[in-house]
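Chemist: Please see the structure below; I have some questions.
The values are calculated or read from the model by the stated rules, or taken from the named source; none is laboratory data. As the structure is a prediction and not an experimental result, all values here were calculated from the model. Don't worry about glycine lacking a Cβ; one is built from the backbone with ideal geometry, like all the others, and counts go over all protein chains shown. Surface accessibility is based on the protein's heavy atoms, side chains included, excluding ligands, DNA and RNA. Shrake-Rupley method; radii C 1.70, N 1.55, O 1.52, S 1.80 Å.
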Amino acid sequence: MENGTLRGWMEPVEPFLGPLHDVAKAFTGLTGVPVDLPAALFLRARLTGLPLPGRVSAGGSCHLLETADGWAAVNLARPDDLAAVPALVALLGGTGTEEPHEAARRAAAADVAAHAQLLGIAAAAHGSARGTRAPVRAERGGAGSPRGPAGLRIVDFSALWAGPLCARLLGAAGARVVKVESTTRPDGARRGSPAFYRWLHDGQESLVLDFASGAPAEVVAEADVVIEASRPRALRRLGIHAEEFLAARPGRVWLSITGYGRDEDRIAFGDDAAVAGGLTGLDRAGDPVFLGDALADPVTGVFAAHAVARSLADGGGELLSLSLAACAAALADSR
């Protein structure tokens, strides 16, 4: 990245990056693979020419709204989200002519987020995830067999950024990565920068499957590590069970990445999850602004890669649950 561009993105974020530098160094210690944090965090922004964020995210879809008692992030990332805006305004007690930022000023931040989530919109009250959980939770689910990532088969069902970044880093450590997509629901990142997508998935095998055919369960049966970012019940409907996967063979690892944890149904994307974790900057008036580009996504990807490498070195047999919001909070709490 050009030095000027790099400084512009790095300077506001650097004060929060202590824990991420530590995690990246620990991953390198386990695998010998260095982590280029500026590229991991900001390459997408450079390749797509995104502007530095403010009250609106770099990608343009997430908005920080002032509320009666603070701030909330509302992420209108999909066409259905935009279509739901009038319903959100109505739930907030607004009229048909009001904008969301006007209606939000009369409501509590938690209510703005809850009403948006009720409509399927990713949203969060600022700092609401701080102190709620550790960024990585590990549960024993099978027998151990210590080893490194080299030569292991990793099946990646995740999409967008956090899971694929984890898979890329493990692939650089010698793992064989298989990216799996549904014929009816391909990775949404394909609609973004082709160069960034290639960077994330360089050297990986790609499988596009009919998920209703039973083929995903067959692919999982051959894996040493599974990466996914789905609600547990969605995979169970496909006949895929993390607990059975771990119990079937020693040393396996299952990595689950969600917005707020496997026991939560709330959805999240990188920008709103960062706000939930309190990972924001301040403007001249002391009010929050976005940091980076969907920052919780790449931060979680680095945490996830280290969590898998650490688990494998310790014998595996673990279900690792990572929360985008909790990983963001880990950085926010460190400042």
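Chemist: Compute, for the range 169-317, the length of the dipole vector about the Cα centre, with Cβ point charges of +1 (Lys, Arg) and -1 (Asp, Glu) only. Units Debye, rounded to 20. Walk me through the numbers before you get to the answer.
Modeler: Values: 16 positive and 21 negative charges, 39 e Å.
The calculation lands at about 180 debye.
Chemist: Right, another one. Got the relative contact order for the range 233-317 handy, in percent, Cα pairs under 8 Å and 6 or more residues apart?
Modeler: On the way: 70 pairs, mean separation 26.2, N = 85.
It comes to 31 percent, rounded to a whole number.
Chemist: For the range 89-175, what is the Kirkwood estimate of the hydrodynamic radius, computed as the reciprocal of the mean inverse distance between distinct Cα atoms, to one decimal in Å?
Modeler: Values: mean 1/r = 0.0579 Å⁻¹.
So the Kirkwood estimate lands at 17.3 Å.
Chemist: Still on this structure, please answer the following. How many Å³ per residue does the convex hull of the Cα positions in the chain occupy?
Modeler: 127
Chemist: As a check on your grasp of the helix formula, calculate [θ] at 222 nm for the chain: sum -39500 (n - 2.57) over DSSP H runs of n ≥ 4, divide by the residue count, round to the nearest 500. If you can, show how the numbers build up before the last one.
Modeler: On the way: 15 runs with 136 residues, N = 335.
Theoretical 222 nm ellipticity from helices: -11500 deg cm²/dmol.
Chemist: Principal axes first, then extents: for the Cα atoms of the range 125-205, list largest minus smallest coordinate on each axis, whole Å, largest first.
Modeler: Computed over the Cα atoms, the extents are 42, 37, 24 Å.
Chemist: Taking N as the number of residues in the range 1-152, what is its Cα Rg relative to 2.2 N^0.38 Å? Could you put the intermediate results ahead of the total?
Modeler: Numbers: Rg = 20.2 Å, N = 152, 2.2 N^0.38 = 14.8 Å.
Ratio of Cα Rg to 2.2 N^0.38 Å: 1.36.
Chemist: What Kirkwood Rh does the range 235-284 have if only Cα atoms enter the pairwise 1/r average? Answer in Å. Provide the component values of the computation, followed by the final result.
Modeler: Values: mean 1/r = 0.0726 Å⁻¹.
With all distinct Cα pairs of the range 235-284 included, I get 13.8 Å.
Chemist: Could you work out which residue, out of E228, E318, E98, moves most in a Gaussian network model of the chain, that is, has the largest mean-square fluctuation with Cα springs under 10 Å?
Modeler: E98
Chemist: The range 200-259: D in µm²/s via Stokes-Einstein (Kirkwood Rh, Cα pairs, 4 °C, 1.567 mPa s)? Could the numbers behind the result be given before it?
Modeler: Working: Rh = 12.5 Å.
D, rounded to a whole number, is 103 µm²/s.
Chemist: How large is Rg over Rh for the range 183-303, taking Rg from the Cα atoms and Rh as the Kirkwood inverse mean of 1/r across Cα pairs? Can you show the working numbers first?
Modeler: Numbers: Rg = 17.4 Å, Rh = 16.9 Å.
Using Cα coordinates only, the ratio equals 1.03.
Chemist: Where both residues lie in the range 217-335, what percent of DSSP beta bridges are antiparallel, nearest 5?
Modeler: 15
Chemist: Let me check something: with ligands and nucleic acids excluded, how do E11, E264 order by accessible area (1.4 Å probe), largest to smallest? Intermediate results must be reported in sequence, preceding the final value.
Modeler: On the way: E11 125, E264 70 Å².
Of E11, E264, the descending order of accessible area is E11, E264.
Chemist: Let me ask another. With an 8 Å cut-off on Cα pairs and a minimum separation of 6 or more residues, tell me the relative contact order of the chain in percent. Mind dumping the intermediate values first?
Modeler: Working: 737 pairs, mean separation 87.5, N = 335.
The normalised contact order for the chain reaches 26 percent.
Chemist: 7 Å from Cα along Cα→Cβ at both E99 and R198: what's the point-to-point distance in nm?
Modeler: Roughly 3.9 nm, to one decimal.
Chemist: How much net charge surrounds L37 when only the other residues with a Cβ under 11 Å from the Cβ of L37 are counted, with Lys and Arg +1 and Asp and Glu -1? Could you put the intermediate results ahead of the total?
Modeler: Working: positive: K25; negative: E14, D36.
Spelling it out: positives minus negatives among the neighbours equals -1.
Chemist: Rolling a 1.4 Å sphere over the protein heavy atoms, what is the accessible area per residue of the range 198-335, to the nearest Å²?
Modeler: Numbers: 4890 Å² over 138 residues.
With the other protein chains kept in place, the range 198-335 gives 35 Å² per residue.
Chemist: Accessible area per residue for the range 81-139 in Å², computed with a 1.4 Å probe and the full protein assembly in place, what is it? It would help to have the intermediate numbers written out before the result.
Modeler: Working: 2910 Å² over 59 residues.
Heavy-atom accessible area per residue stands at 49 Å².
Chemist: Still on this structure: Quick one: pull the percent of accessible area on the chain belonging to carbon and sulfur, 1.4 Å probe, ligands and nucleic acids left out. Numbers along the way, then the final one.
Modeler: Working: 7210 of 13960 Å².
The nonpolar share, carbon plus sulfur, comes to 52 percent.
Chemist: Still on this model: List the extent of the Cα atoms of the range 262-335 along each of their three principal axes, largest first, rounded to whole Å.
Modeler: Projected onto its principal axes, the Cα set of the range 262-335 covers 50, 27, 19 Å.
Chemist: Please list, in chain and number order, the residues 5+ apart from V208 or on another chain whose amide H is under 5 Å from its amide H, with Hs placed from the backbone.
Modeler: Amide H neighbours of V208, under 5 Å, 5+ apart: E181.
Chemist: Sticking with this structure for a sec: Per Stokes-Einstein, at 25 °C and 0.890 mPa s, what whole-number D in µm² s⁻¹ belongs to the range 109-160, with the Kirkwood radius over Cα pairs as the hydrodynamic radius? All intermediate terms of the calculation are to be shown ahead of the outcome.
Modeler: Values: Rh = 15.5 Å.
Rounded, D is 158 µm²/s.
Chemist: What percent do you get for the relative contact order of the range 162-286 when only Cα pairs under 8 Å and 6+ apart count? All intermediate terms of the calculation are to be shown ahead of the outcome.
Modeler: Numbers: 111 pairs, mean separation 25.1, N = 125.
Dividing the mean separation by the residue count of the range 162-286 yields 20 percent.
Chemist: While we're here: Jot down the per residue volume, in cubic angstrom and as a whole number, of the convex hull over the alpha-carbon atoms of the range 1-74. Present the calculation step by step, with values, prior to reporting the outcome.
Modeler: Numbers: hull volume 9.2 nm³, N = 74.
Once divided by residue count, the hull of the range 1-74 is 125 Å³.
Chemist: Residues with beta-carbon under 12 Å from that of H63, excluding H63: net charge, scoring Lys, Arg +1 and Asp, Glu -1?
Modeler: Working: positive: R55; negative: E66, D81, E99, D271, D272.
Charge balance near H63 sits at -4.
Chemist: Related question: Taking the full set of protein chains and a 1.4 angstrom probe, give the accessible area of S61 in square angstrom, rounded to the nearest 10.
Modeler: 30
Chemist: Next up: Can you tell me what the convex hull of the Cα atoms of the range 153-246 projects to on average, as an area in nm²? Provide the component values of the computation, followed by the final result.
Modeler: Values: hull surface 22.8 nm².
The directionally averaged projection comes out at 5.7 nm².
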